[in-house]
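Just so it is clear, none of the values below were taken in a lab; they were calculated from the coordinates. As the structure is a prediction and not an experimental result, all values here were calculated from the model. Because the Cβ atoms are built from the backbone with ideal geometry, glycine has one as well, and the counts that use them run over all protein chains shown.
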Amino acid sequence: MRSAPSRLAALLRQGHFVVTAELSAIDSPDPAVTLNRAAALRGHADAVNCTDNTGAHVHLSPLAAAHLVSEAGVEPIMQLTTRDRNRLGLQADLLGAAALGVRNVLIMSGDDVSAGDHPEARSSYDIDSMQLVRIARTMRDQGTYLSGRRMESAPSFFIGAVENPFAPPYDFRPARLLKKVEAGAEFIQTQLVFDVPRLDAFMRRAGDLGLLERVAIIPSVAVPRSARGARFMKEKVPGVQIPDAVLRRLEAVPVARQAAEGIRIAVEIVNQLRDIAGVRGVHVIAIRWDEGVLTVIEEAGLLPRPLAGAGAAVAALP
Amino acid sequence: MNEPVSLLERAVIAIERPFKEAVWDCRMCGQCILHSTGLSCPMRCPKTLRNGPCGGVRADGACEVFPDRPCVWVEAWEGSRRLPLWRDHADHLNPPVDWRLQGSSSWINLATGRDRRRPRGWVSEAADAQRA
C-alpha cells in the first residue's frame with residue numbers, strides 16, 4: 001500500500017493529538033483574501049478544511065481554495081461533496097487536487113440544496129459518499145479511474161470521510177463507520193460535538209468493532225459566538241444537535257459576555273474529548289469567527305503545534 | 001432508459017411497476033437492492049444514497065429534506081433488523097448506480113445479469129483496494 005505524503009497523516013502516525021480548523025467560506029476572486037484567512041490559522045492548526053459549497057451556498061471552489069491555502073504555508077484538507085458533481089467531475093477534481101499538491105481529501109454527501117441559496121437547483125447525487133471513498137482509494141492504490149482506465153501515475157491522498165454520531169439510526173452509525181473504513185476511509189471528522197456522552201458511546205461501539213486502530217477519528221467542536229447563533233445552528237444547520245442545557249447556559253449570560261461563554265463551552269468540550277479513547281484530535285470551527293477558534297486552541301492548551309517538517313524529521317529517527 | 005425495450009420487457013414492466021410502486025413506492029431504478037435495505041427503497045432518498053443514511057437525519061428520525069417524512073434509511077435499518085434473512089447485507093458496499101437501467105425491469109435485469117454489470121474499475125472488496 002502506498003503511504004500518502006500528507007503531513008496530517010504523518011502527525012497521526014506519530015501519535016500527535018492533531019488540531020484541524022476550517023477556512024471560512026470565501027466569496028472573493030482576490031487570492032489575497034484566501035491567503036490572509038489561511039495565514040491567520042497558520043501555527044494553530046495542523047491542517048485546514050476547504051469546504052465545498054458549505055450549507056449548499058455557493059463559494060470559492062475547494063480546489064482553488066486548497067491550492068491557495070498551501071501557498072499560504074498551511075496544509076489543506078479538500079472537502080468534496082457528491083451533491084455538485086457527477087462521477088466524472090469528482091474524479092477530475094481528485095486528480096486535479098493531487099496535481100496541485102493537495103494531499104488530504106474529505107468526502108461527504110453534503111447538505112441538500114434545499115438548505116442553501118439555490119434551492120431550485122438539481123443535485124447530482126450520481127454516486128454516494130461511500131462509493132466515492134472507494135473510488136478515491138482505487139485511484140490511489142491502483143492508479144485507475146472507476147472506468148478501469150489507467151492514469152499515467154497514481155495520485156497520493158490521505159482519504160477522509162465524515163460521520164454524524166448524533167443522528168438516527170444511532171445503532172447503525174458505528175456499522176456505517178465500519179463500512180466507510182472498509183470502503184477506504186483513513187480518517188474521520190465528525191459532526192459538531194455538544195453531546196459528549198453520545199460521542200463517548202459511539203466511540204465505545206467503534207472500539208468494539210476494532211475501528212479505533214484502523215481509522216483516526218477527529219471530532220468537531222464548534223465555538224458558539226452567541227445564544228442566537230447557537231439556536232440558529234440547532235434549527236437551520238442539518239444534522240447539528242445542541243442539547244438545551246448548552247443553549248440555556250449561553251442564554252443565562254448577558255449578550256456581551258456570550259462569546260466568552262461560548263469559548264469556555266468549547267474549551268470544556270475539547271478537554272472532555274481528549275479523555276475519550278480513540279479520539280485522535282479535534283476539528284475546531286466557528287461561523288466567521290477565526291478569533292474564537294484561535295482562542296479555543298490556545299486556552300485548551302493545544303499549542304505549540306508540532307513544527308512544519310517535524311513530521312519527516314521524527315519519522316527519520318531510528 | 002437508454003437500452004432497447006422488447007415487447008416482453010414492456011409486458012413485464014406493466015406488471016412489475018404498479019406492483020412495486022404500490023408496495024414499496026419503487027422508483028424503477030432497474031437494479032433492485034430492496035432485500036439488502038430492509039425492504040425500504042433507497043431511491044426514495046432525496047440523495048439516492050445506496051449505502052446508508054446521510055448525516056442530516058433529524059433527531060426524530062425524519063428526512064433532512066422532507067421533515068414530514070421518515071428517513072428512508074432509518075426505515076431501512078429498522079426493517080433490516082426485522083428480516084429473517086439478509087440482515088448482514090446492510091454492511092455490503094453497494095456499487096454506483098447504472099443510470100442506463102432507470103425505468104427498466106429489475107426482474108428481467110436480475111434474470112439476465114444486466115443489474116450485475118459493474119464499471120471495470122469498481123473494486124467491490126476492501127482487500128482488493130489495498131492490494132496495490
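Inside region A:152-170, can you point out the residues that are of a type in the set (A, V, I, L, M, F, W, C) and farther than 30 Å from A:G96 by Cα?
A:F166, A:A167
Of everything in region B:7-36, what is β-branched (V, I, T) and touching a helix residue (DSSP H, G or I) at 6+ places or on another chain (Cβ under 8 Å)? Give them in sequence order.
Listed by number, the residues that qualify are B:V12, B:I33.
Here's a check for you: in region A:170-210, which residue that is more than 28 Å from A:R248 (Cβ to Cβ) and part of a loop (DSSP other than H, G, I, E, B) is farthest from the other protein chains (Cβ to nearest Cβ)?
For region A:170-210, the residue satisfying everything is A:G210.
Look at region B:60-70 and say how many of its residues are touching a Pro at 6+ places or on another chain (Cβ under 7 Å) and either at the interface with chain A (Cβ under 7 Å from one of its Cβ atoms) or acidic (D, E) (or both).
Matching residues across region B:60-70 total 3.
Inspect all residues belonging to region B:78-88 and state whether any of them is part of a loop (DSSP other than H, G, I, E, B) and crowded, with 20+ Cβ neighbours inside 10 Å.
Within region B:78-88, not a single residue is part of a loop (DSSP other than H, G, I, E, B) and crowded, with 20+ Cβ neighbours inside 10 Å.
Return yes when A:M108 is over 24 Å from A:P238 (Cβ atoms) and among the aliphatic types (A, V, I, L, M) and no when it is not.
Answer is no for this residue.
Can you tell me how many residues within region B:95-127 are of a type in the set (A, V, I, L, M) and surrounded by fewer than 18 Cβ atoms within 10 Å (Cβ to Cβ)?
Residues flagged as of a type in the set (A, V, I, L, M) and surrounded by fewer than 18 Cβ atoms within 10 Å (Cβ to Cβ) within region B:95-127 amount to 4.
Return yes when B:H35 is more than 9 Å from chain A (Cβ to nearest Cβ) and of a type outside the set (K, R) and no when it is not.
When the stated conditions are applied, B:H35 passes them.
Considering A:Q131, A:Q79, which residue is crowded, with 23+ Cβ neighbours inside 10 Å, within 14 Å of another protein chain (Cβ to nearest Cβ), out of contact with any strand residue (DSSP E or B) (no Cβ under 8 Å at 6 or more places or on another chain) and in contact (Cβ under 8 Å) with a residue 24 or more places away in the chain?
Unique residue meeting the criteria: A:Q131.
Could you list, in sequence order, the residues of region A:134-143 that are buried (at least 22 other Cβ atoms within 10 Å of the Cβ), at the interface with chain B (Cβ under 7 Å from one of its Cβ atoms) and over 15 Å from A:K179 (Cα atoms)?
Residue satisfying the conditions is A:T138 alone.
Residue by residue through region B:38-50, note down the ones that are under 9 Å from the mean Cα position of the chain (by Cα) and within 11 Å of another protein chain (Cβ to nearest Cβ).
Within region B:38-50, B:P42, B:M43, B:T48, B:L49, B:R50 meet the criteria.
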